[in-house]
Amino acid sequence: MKVFGLMGESLSHSLSPIIHKYVYEMLHIEASYSLYQVQPAMLEAAVQGVRALNLRGVNVTIPYKIKVMEFLDDISIEAKKIGAVNTILNDGNTLTGYNTDYFGFGRMLDRYNINPTGKTAVILGSGGAAKSVTAYLLDNGVSELYIVSREPKKVAASSKYKVITYEHLAFINQGALLVNCTPIGMFPCLDAAPISKHDTAKFEAVIDLIYNPLNTLLMNQAIEMRIPAYNGLYMLVSQAIASIEIWYGIAIDEGIVDEVYNKLILYLDN
Ligand code: NAP
(Lines give C-alpha, C1' and ligand atoms only; values in the text may rest on other atoms or scores of the structure.)
Protein backbone atom coordinates (compact mmCIF):
# COMPACT_ATOMS: atom_id res chain seq x y z
CA MET A 1 0.00 0.00 0.00
CA LYS A 2 1.52 3.35 -1.06
CA VAL A 3 0.70 6.57 0.77
CA PHE A 4 0.33 9.79 -1.22
CA GLY A 5 -1.10 13.15 -0.26
CA LEU A 6 -1.35 16.89 -0.71
CA MET A 7 0.70 19.43 1.25
CA GLY A 8 -0.76 22.91 1.60
CA GLU A 9 -1.86 25.37 4.21
CA SER A 10 -5.65 25.23 4.01
CA LEU A 11 -7.08 22.18 2.26
CA SER A 12 -10.66 21.65 3.42
CA HIS A 13 -12.20 22.20 -0.06
CA SER A 14 -9.71 20.08 -2.01
CA LEU A 15 -11.13 17.69 -4.62
CA SER A 16 -7.79 15.87 -4.92
CA PRO A 17 -8.60 12.99 -2.49
CA ILE A 18 -11.75 12.07 -4.40
CA ILE A 19 -10.02 12.30 -7.81
CA HIS A 20 -7.12 10.13 -6.63
CA LYS A 21 -9.51 7.62 -5.03
CA TYR A 22 -11.37 7.22 -8.35
CA VAL A 23 -8.14 6.67 -10.29
CA TYR A 24 -6.71 4.16 -7.78
CA GLU A 25 -9.99 2.22 -7.87
CA MET A 26 -10.12 2.17 -11.67
CA LEU A 27 -6.48 1.09 -12.04
CA HIS A 28 -6.62 -1.35 -9.08
CA ILE A 29 -3.78 0.55 -7.45
CA GLU A 30 -3.39 -0.04 -3.71
CA ALA A 31 -2.80 3.48 -2.44
CA SER A 32 -4.23 6.14 -0.18
CA TYR A 33 -4.27 9.94 -0.55
CA SER A 34 -4.31 12.20 2.52
CA LEU A 35 -4.47 15.92 3.14
CA TYR A 36 -1.46 17.33 5.02
CA GLN A 37 -2.08 20.82 6.37
CA VAL A 38 1.42 22.18 6.95
CA GLN A 39 2.23 25.39 8.81
CA PRO A 40 4.74 27.63 6.96
CA ALA A 41 7.47 27.10 9.56
CA MET A 42 7.13 23.31 9.17
CA LEU A 43 7.44 23.10 5.38
CA GLU A 44 11.07 21.97 5.31
CA ALA A 45 10.40 19.38 8.03
CA ALA A 46 7.37 18.15 6.07
CA VAL A 47 9.49 17.66 2.93
CA GLN A 48 12.18 15.88 4.94
CA GLY A 49 9.35 13.73 6.28
CA VAL A 50 8.74 12.48 2.73
CA ARG A 51 12.33 11.19 2.77
CA ALA A 52 12.25 9.91 6.34
CA LEU A 53 9.03 7.98 5.80
CA ASN A 54 10.13 6.90 2.32
CA LEU A 55 6.89 8.13 0.73
CA ARG A 56 6.91 7.76 -3.07
CA GLY A 57 5.49 11.23 -3.65
CA VAL A 58 3.24 14.10 -2.66
CA ASN A 59 1.43 16.98 -4.31
CA VAL A 60 2.05 20.54 -3.18
CA THR A 61 -0.36 23.45 -3.35
CA ILE A 62 -0.87 27.06 -2.26
CA PRO A 63 1.11 28.70 -0.72
CA TYR A 64 4.09 26.33 -1.04
CA LYS A 65 4.53 25.70 -4.78
CA ILE A 66 7.54 28.06 -5.04
CA LYS A 67 9.07 27.80 -1.55
CA VAL A 68 9.16 23.99 -1.65
CA MET A 69 11.69 24.06 -4.53
CA GLU A 70 14.46 25.02 -2.05
CA PHE A 71 14.16 21.64 -0.34
CA LEU A 72 14.29 19.42 -3.44
CA ASP A 73 17.27 17.77 -5.14
CA ASP A 74 16.16 18.31 -8.73
CA ILE A 75 13.58 20.28 -10.68
CA SER A 76 12.05 19.06 -13.97
CA ILE A 77 12.30 21.08 -17.17
CA GLU A 78 8.70 22.35 -17.13
CA ALA A 79 8.78 23.21 -13.41
CA LYS A 80 12.00 25.21 -13.96
CA LYS A 81 10.36 27.22 -16.74
CA ILE A 82 7.28 27.86 -14.61
CA GLY A 83 9.18 28.48 -11.37
CA ALA A 84 6.81 26.32 -9.31
CA VAL A 85 6.32 22.68 -8.31
CA ASN A 86 3.08 20.88 -7.53
CA THR A 87 4.31 17.28 -7.56
CA ILE A 88 7.27 15.68 -5.79
CA LEU A 89 8.65 12.28 -6.76
CA ASN A 90 10.83 10.46 -4.24
CA ASP A 91 13.02 8.08 -6.23
CA GLY A 92 15.53 6.33 -3.98
CA ASN A 93 15.71 9.35 -1.64
CA THR A 94 16.20 11.83 -4.52
CA LEU A 95 13.34 14.33 -4.51
CA THR A 96 12.41 15.79 -7.91
CA GLY A 97 9.83 18.53 -8.38
CA TYR A 98 7.42 18.56 -11.35
CA ASN A 99 4.59 20.82 -12.43
CA THR A 100 1.61 18.76 -13.58
CA ASP A 101 -0.63 21.81 -14.17
CA TYR A 102 1.46 22.16 -17.34
CA PHE A 103 0.60 18.62 -18.49
CA GLY A 104 -3.01 18.93 -17.28
CA PHE A 105 -3.54 22.07 -19.32
CA GLY A 106 -2.09 20.37 -22.40
CA ARG A 107 -4.29 17.32 -21.97
CA MET A 108 -7.34 19.56 -21.67
CA LEU A 109 -6.47 21.38 -24.93
CA ASP A 110 -6.09 18.00 -26.68
CA ARG A 111 -9.42 16.81 -25.26
CA TYR A 112 -11.21 19.86 -26.61
CA ASN A 113 -9.34 19.74 -29.96
CA ILE A 114 -7.72 23.12 -29.39
CA ASN A 115 -4.37 23.35 -31.16
CA PRO A 116 -2.46 26.46 -30.04
CA THR A 117 0.18 26.20 -32.77
CA GLY A 118 0.27 29.37 -34.85
CA LYS A 119 -2.50 31.02 -32.81
CA THR A 120 -2.68 34.20 -30.81
CA ALA A 121 -3.46 33.49 -27.15
CA VAL A 122 -4.50 35.83 -24.36
CA ILE A 123 -4.02 34.90 -20.70
CA LEU A 124 -5.89 36.81 -18.00
CA GLY A 125 -3.91 37.10 -14.74
CA SER A 126 -0.23 36.61 -13.97
CA GLY A 127 -0.21 34.20 -11.00
CA GLY A 128 0.79 30.55 -10.65
CA ALA A 129 -1.71 29.04 -13.10
CA ALA A 130 -0.90 31.74 -15.67
CA LYS A 131 2.79 30.75 -15.50
CA SER A 132 1.99 27.08 -16.23
CA VAL A 133 -0.32 28.05 -19.11
CA THR A 134 2.30 30.50 -20.47
CA ALA A 135 5.01 27.81 -20.47
CA TYR A 136 2.74 25.28 -22.18
CA LEU A 137 1.55 27.68 -24.88
CA LEU A 138 5.09 28.87 -25.63
CA ASP A 139 6.33 25.27 -25.82
CA ASN A 140 3.50 24.46 -28.21
CA GLY A 141 4.01 27.10 -30.83
CA VAL A 142 1.65 30.02 -30.16
CA SER A 143 2.49 32.78 -32.61
CA GLU A 144 1.64 35.64 -30.22
CA LEU A 145 1.03 35.58 -26.49
CA TYR A 146 -0.48 38.36 -24.36
CA ILE A 147 -0.63 38.35 -20.57
CA VAL A 148 -3.29 40.70 -19.22
CA SER A 149 -2.55 42.10 -15.78
CA ARG A 150 -3.97 44.77 -13.51
CA GLU A 151 -0.38 45.79 -12.82
CA PRO A 152 1.72 45.00 -15.91
CA LYS A 153 4.86 46.56 -14.41
CA LYS A 154 4.95 43.85 -11.75
CA VAL A 155 4.97 41.01 -14.30
CA ALA A 156 8.35 39.64 -15.42
CA ALA A 157 9.22 40.99 -18.87
CA SER A 158 10.06 38.58 -21.69
CA SER A 159 10.64 38.78 -25.40
CA LYS A 160 8.32 35.76 -25.75
CA TYR A 161 5.11 37.52 -24.65
CA LYS A 162 3.62 40.97 -24.21
CA VAL A 163 2.17 42.14 -20.91
CA ILE A 164 -0.83 44.42 -21.34
CA THR A 165 -3.60 46.04 -19.30
CA TYR A 166 -7.30 45.17 -19.53
CA GLU A 167 -7.83 48.41 -21.53
CA HIS A 168 -5.45 47.10 -24.20
CA LEU A 169 -7.67 44.07 -24.88
CA ALA A 170 -9.48 46.36 -27.34
CA PHE A 171 -6.42 46.17 -29.63
CA ILE A 172 -6.22 42.36 -29.83
CA ASN A 173 -7.30 40.99 -33.21
CA GLN A 174 -10.41 38.83 -33.66
CA GLY A 175 -10.00 35.04 -33.34
CA ALA A 176 -7.56 34.55 -30.44
CA LEU A 177 -7.75 31.90 -27.72
CA LEU A 178 -8.64 33.26 -24.25
CA VAL A 179 -7.53 31.57 -21.02
CA ASN A 180 -8.83 32.95 -17.73
CA CYS A 181 -6.20 32.40 -15.03
CA THR A 182 -7.75 34.81 -12.51
CA PRO A 183 -10.12 33.74 -9.72
CA ILE A 184 -12.81 36.17 -10.95
CA GLY A 185 -16.14 34.32 -11.23
CA MET A 186 -15.19 31.61 -8.75
CA PHE A 187 -17.65 30.55 -6.02
CA PRO A 188 -19.14 32.45 -4.18
CA CYS A 189 -18.75 35.48 -6.52
CA LEU A 190 -20.81 33.97 -9.33
CA ASP A 191 -21.96 37.26 -10.88
CA ALA A 192 -18.45 38.52 -11.68
CA ALA A 193 -16.48 38.11 -14.93
CA PRO A 194 -12.89 39.23 -15.57
CA ILE A 195 -13.85 40.88 -18.90
CA SER A 196 -17.05 42.28 -20.45
CA LYS A 197 -19.29 40.46 -22.93
CA HIS A 198 -18.16 43.00 -25.52
CA ASP A 199 -14.49 42.03 -25.03
CA THR A 200 -15.37 38.31 -24.93
CA ALA A 201 -16.93 38.57 -28.42
CA LYS A 202 -13.58 38.71 -30.22
CA PHE A 203 -12.30 35.32 -29.01
CA GLU A 204 -12.54 32.09 -30.98
CA ALA A 205 -12.58 29.90 -27.86
CA VAL A 206 -12.66 30.58 -24.11
CA ILE A 207 -11.06 28.45 -21.42
CA ASP A 208 -11.79 29.30 -17.81
CA LEU A 209 -9.49 27.46 -15.39
CA ILE A 210 -12.18 27.81 -12.72
CA TYR A 211 -14.18 24.61 -12.01
CA ASN A 212 -16.45 25.85 -9.23
CA PRO A 213 -18.96 26.73 -10.63
CA LEU A 214 -18.77 24.52 -13.71
CA ASN A 215 -20.23 27.36 -15.80
CA THR A 216 -18.80 30.76 -14.94
CA LEU A 217 -20.26 34.08 -16.05
CA LEU A 218 -17.32 34.44 -18.48
CA MET A 219 -18.21 31.06 -20.03
CA ASN A 220 -21.89 32.02 -20.24
CA GLN A 221 -20.99 35.30 -21.97
CA ALA A 222 -19.12 33.25 -24.57
CA ILE A 223 -21.78 30.53 -24.93
CA GLU A 224 -24.51 33.18 -25.53
CA MET A 225 -22.46 34.29 -28.55
CA ARG A 226 -21.91 30.67 -29.70
CA ILE A 227 -18.21 30.81 -28.80
CA PRO A 228 -17.02 27.44 -27.42
CA ALA A 229 -16.21 27.71 -23.71
CA TYR A 230 -14.68 25.16 -21.33
CA ASN A 231 -14.12 25.06 -17.57
CA GLY A 232 -10.99 23.84 -15.76
CA LEU A 233 -12.31 20.53 -14.42
CA TYR A 234 -10.68 18.40 -17.12
CA MET A 235 -7.37 20.12 -16.34
CA LEU A 236 -7.84 19.44 -12.63
CA VAL A 237 -8.42 15.73 -13.26
CA SER A 238 -5.56 15.58 -15.77
CA GLN A 239 -3.01 17.21 -13.46
CA ALA A 240 -3.87 14.65 -10.76
CA ILE A 241 -3.51 11.81 -13.27
CA ALA A 242 -0.17 13.24 -14.45
CA SER A 243 1.09 13.01 -10.84
CA ILE A 244 0.10 9.34 -10.70
CA GLU A 245 1.86 8.76 -14.02
CA ILE A 246 5.04 10.29 -12.56
CA TRP A 247 4.86 8.37 -9.28
CA TYR A 248 4.22 4.99 -10.98
CA GLY A 249 6.17 5.60 -14.21
CA ILE A 250 3.13 4.63 -16.31
CA ALA A 251 1.00 6.22 -19.05
CA ILE A 252 -2.71 6.45 -18.24
CA ASP A 253 -4.96 6.53 -21.27
CA GLU A 254 -7.62 9.05 -22.22
CA GLY A 255 -10.47 6.66 -21.41
CA ILE A 256 -9.51 6.67 -17.71
CA VAL A 257 -9.27 10.49 -17.64
CA ASP A 258 -12.75 10.71 -19.20
CA GLU A 259 -14.21 8.17 -16.76
CA VAL A 260 -12.79 9.99 -13.73
CA TYR A 261 -13.99 13.31 -15.14
CA ASN A 262 -17.53 11.92 -15.62
CA LYS A 263 -17.60 10.43 -12.11
CA LEU A 264 -16.46 13.75 -10.67
CA ILE A 265 -19.22 15.64 -12.52
CA LEU A 266 -21.79 13.25 -10.98
CA TYR A 267 -20.20 13.69 -7.53
CA LEU A 268 -20.31 17.51 -7.85
CA ASP A 269 -23.96 17.40 -9.02
CA ASN A 270 -25.03 15.60 -5.82
P1 NAP B 1 -2.90 33.26 -8.13
O2 NAP B 1 -1.52 32.75 -8.13
O3 NAP B 1 -3.45 33.97 -6.94
O4 NAP B 1 -3.05 34.21 -9.42
C5 NAP B 1 -4.25 34.79 -9.82
C6 NAP B 1 -3.95 36.02 -10.68
O7 NAP B 1 -5.21 36.58 -11.05
C8 NAP B 1 -3.19 37.10 -9.95
O9 NAP B 1 -1.80 36.97 -10.13
C10 NAP B 1 -3.75 38.39 -10.53
O11 NAP B 1 -2.98 38.81 -11.67
C12 NAP B 1 -5.13 38.00 -11.00
N13 NAP B 1 -6.14 38.46 -10.04
C14 NAP B 1 -6.22 38.17 -8.72
N15 NAP B 1 -7.26 38.82 -8.16
C16 NAP B 1 -7.84 39.53 -9.13
C17 NAP B 1 -8.93 40.44 -9.19
N18 NAP B 1 -9.64 40.74 -8.09
N19 NAP B 1 -9.23 41.01 -10.38
C20 NAP B 1 -8.53 40.71 -11.50
N21 NAP B 1 -7.46 39.89 -11.50
C22 NAP B 1 -7.13 39.30 -10.35
O23 NAP B 1 -3.93 32.06 -8.41
P24 NAP B 1 -3.69 30.77 -9.32
O25 NAP B 1 -3.18 29.67 -8.48
O26 NAP B 1 -2.94 31.18 -10.52
O27 NAP B 1 -5.20 30.38 -9.69
C28 NAP B 1 -5.98 31.21 -10.52
C29 NAP B 1 -7.29 30.51 -10.86
O30 NAP B 1 -7.03 29.33 -11.61
C31 NAP B 1 -8.09 30.06 -9.63
O32 NAP B 1 -9.46 30.23 -9.88
C33 NAP B 1 -7.76 28.59 -9.52
O34 NAP B 1 -8.80 27.83 -8.91
C35 NAP B 1 -7.65 28.21 -10.99
N36 NAP B 1 -6.77 27.05 -11.21
C37 NAP B 1 -7.33 25.95 -11.79
C38 NAP B 1 -6.55 24.85 -12.05
C39 NAP B 1 -7.16 23.66 -12.72
O40 NAP B 1 -6.58 22.58 -12.67
N41 NAP B 1 -8.32 23.81 -13.34
C42 NAP B 1 -5.18 24.85 -11.70
C43 NAP B 1 -4.64 25.99 -11.10
C44 NAP B 1 -5.46 27.09 -10.85
P45 NAP B 1 -2.62 40.39 -11.86
O46 NAP B 1 -2.25 40.89 -10.50
O47 NAP B 1 -1.49 40.37 -12.82
O48 NAP B 1 -3.86 41.05 -12.42
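The table that follows gives values for the structure above.
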item	result
Spacing of the two label points (7 Å from each Cα toward its C-beta) at residue 269 and residue 34, in nm	3.4
Cα-based shape type of the range 1-111, given that a ≥ b ≥ c are square roots of the gyration tensor eigenvalues and the cut on a/c is 1.5	rounded
Distance in nm between pseudo-label sites at residue 191 and residue 173 (7 Å out along the Cβ direction from Cα)	3.9
Helix-only mean residue ellipticity at 222 nm for the chain, each DSSP H run of n ≥ 4 adding -39500 (n - 2.57), per residue, nearest 500	-10500 deg cm²/dmol
Accessible area of the range 201-270 divided out per residue, in Å², using a probe of 1.4 angstrom	43
Heavy-atom surface of the range 38-164, accessible at 1.4 Å and reported per residue (Å²)	48
Estimated dipole of the chain in Debye, rounded to 20 [Cβ of Lys and Arg +1, of Asp and Glu -1, Cα centre]	580
Scaled radius of gyration (Cα, divided by 2.2 N^0.38 Å) that the chain gives	1.01
Ranked by how many other beta carbons lie within 10 Å on average, peptides 126-134, 211-219 from highest	126-134, 211-219
Cα long-axis angle, helix 254-269 against the chain (0 to 90 degrees, to the nearest 10)	80
Sulfur and carbon atoms: percent of accessible area, the chain [1.4 Å]	54
Antiparallel content of DSSP bridges confined to the chain, in %, to 5	20
Sites residue 258 and residue 115, calculated FRET efficiency, Cβ-Cβ separation with R0 22 Å, nearest 0.05	0.65
Signed unit charges on C-beta, dipole axis of the range 61-187, positive-most listed residue 113, 68, 89	113
DSSP-assigned coil residues among chymotrypsin sites (Phe, Trp or Tyr not before Pro) in the range 95-200, each with at most 16 further Cβ atoms within 10 Å	112
Simple Cβ-charge dipole of the range 205-270, Lys/Arg +1 and Asp/Glu -1, about Cα centre, in debye nearest 20	180
FRET efficiency estimate (nearest 0.05) - Cβ-Cβ, residue 144 to residue 26, R0 45 angstrom	0.70
Nearest-ten-degree value, helix 128-139 long axis tilted from longest Cα axis of the chain	80
Reachable lysines, given that their alpha-carbon falls under 24 Å from the alpha-carbon of residue 119 and they are not under 8 places away in the same chain	81, 131, 160, 162, 197, 202
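The values are calculated or read from the model by the stated rules, or taken from the named source; none is laboratory data. Here the structure is a predicted model, which means the values were calculated and not measured. Counting neighbours? That spans all protein chains shown, and the Cβs are built from the backbone with ideal geometry, glycine included. Accessible surface areas use protein heavy atoms only, side chains included; no ligands, DNA or RNA. Shrake-Rupley method; radii C 1.70, N 1.55, O 1.52, S 1.80 Å.
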